[in-house]
Structures are given as structure tokens and as C-alpha cells.
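The values are calculated or read from the model by the stated rules, or taken from the named source; none is laboratory data. Computed from a predicted structure; not experimentally measured. Only protein heavy atoms, including side chains, enter the accessible area calculation; ligands, DNA and RNA are left aside. Shrake-Rupley method; radii C 1.70, N 1.55, O 1.52, S 1.80 Å.
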Amino acid sequence: EKLIPQGQVGRFLLAGANAAVLETNDTTWRFAHDKLREELLIGLTEGDRIFLHTKVATALETLYSDDSTRAASLAYHWSNAHSDEKEKQYSALAGKYVLRIGVNKEAVSYLTRAIDLAKAANQLEKADLYHNLAEAYRGLGDTDNDYVYRRKALEILDCTVIESSDKRFGFD
């Protein structure tokens, strides 16, 4: 109901089903054929795509902000909406989630993307991303990359500790 005016969703879905464009599987609606979806997408301008991805991402964020299982979808839509900050946020969450459930290859992909987008992130956030990326590589048995990213995390933490102590003692 976030994308279609309130009170119009049922009518919209029924019209799509009657035209054999939409179908349902239990409680999930989808296009009846991938070709229909593809044709619809071909006609969109880049501005239309950005607008629609923003609307979908905003709706998902409103409905599922605390659901880490939706983080990958949110990262995808924010990426296509060209929102680097939001994409970074949800790529990091998706990476941590799939790492927790043991899908290390996907964790590497999401965490690497989050790191790429984390140029302006604070140092502790970057160290956390590197640590999680090291864990994902460790889960894949890639000890070389595990070492590389653990080292990066430790280097950041060491600099952060030194910077914090310097400021605490009045050094600049």
C-alpha cells in the first residue's frame, strides 16, 4: 500500500490477475511471466527507474526496518536508486546477516560493497566491516584474505586508539 494509493491495492491486483499479468502463490503476488515484467521495465526511463526503486526501498524500509533478512533487498533497491549511503548501510547489514547464517561468499560480496561505499565512514565502522570481511574469508578457507582484512581492521583500531589517547592527553 506504500506504492499504490490506499484502498486501491485490491482493485489493482484483481485487475492484474484478470488480465493474466499477475498471479499469486499463497500470499505473494508476482508477474505471471518474466517477459511481461521485462517489457514493462524496457519502457522506463532512467529517471522512472530511480523513482520506482526509491519508492520501493522507502516502502520496504518503513515496513521491515528491523528485519535483517530484508537487508539484501534494501541494498539492491537503494543501489538502483543511487543512494550510496543507504546502499552502504544495507549492504553492511546484509553482509553481516549472511555471514551469521554461513553464506560466506555472499557475505564477501556485500561487505566488499559496503567497504567500497564507506569512504566517509568513521574508523570504527570501517574496522568492523574489515573484521566481518575477514570472518567471511575465514569461513571460505581463504586464509590469505582473512589475514589481510584482519590486519586492516587492527591497523584502523590501533590508529583510533592512538588518536583517542593523543586527544585525551592534549596532543594534536
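Per-structure values
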| quantity | calculated |
| --- | --- |
| J(HN,Hα) series, region 89-98, from Karplus relation 6.51 cos²θ - 1.76 cosθ + 1.60, nearest Hz, glycine and proline x | 4, 7, 5, 4, 5, 5, x, 5, 5, 5 |
| Residues whose placed amide H lies under 5 Å from that of residue 22, excluding near-sequence neighbours | 17, 32 |
| Rounded accessible area of residue 151 (nearest 10 Å², 1.4 Å probe) | 110 |
| For region 39-127, the spread of Cα positions along each principal axis, largest first, Å | 41, 28, 24 |
| Stokes-Einstein D (µm²/s) once Rh is taken as the Kirkwood radius of region 97-162 over alpha-carbon pairs, at 4 °C in 1.567 mPa s | 111 |
| Residue-level accessible surface for residue 26, protein heavy atoms, 1.4 Å, Å² | 140 |
| Sequence of 144, 158, 67 from largest to smallest accessible area, 1.4 Å probe | 144, 158, 67 |
| Phi to ³J(HN,Hα) by Karplus 6.51 cos²θ - 1.76 cosθ + 1.60 over region 140-153, Hz, x for Gly, Pro | 8, x, 8, 5, 5, 5, 4, 4, 4, 7, 5, 4, 4, 4 |
| Accessible area, probe 1.4 Å, largest first, for residues 11, 113 | 11, 113 |
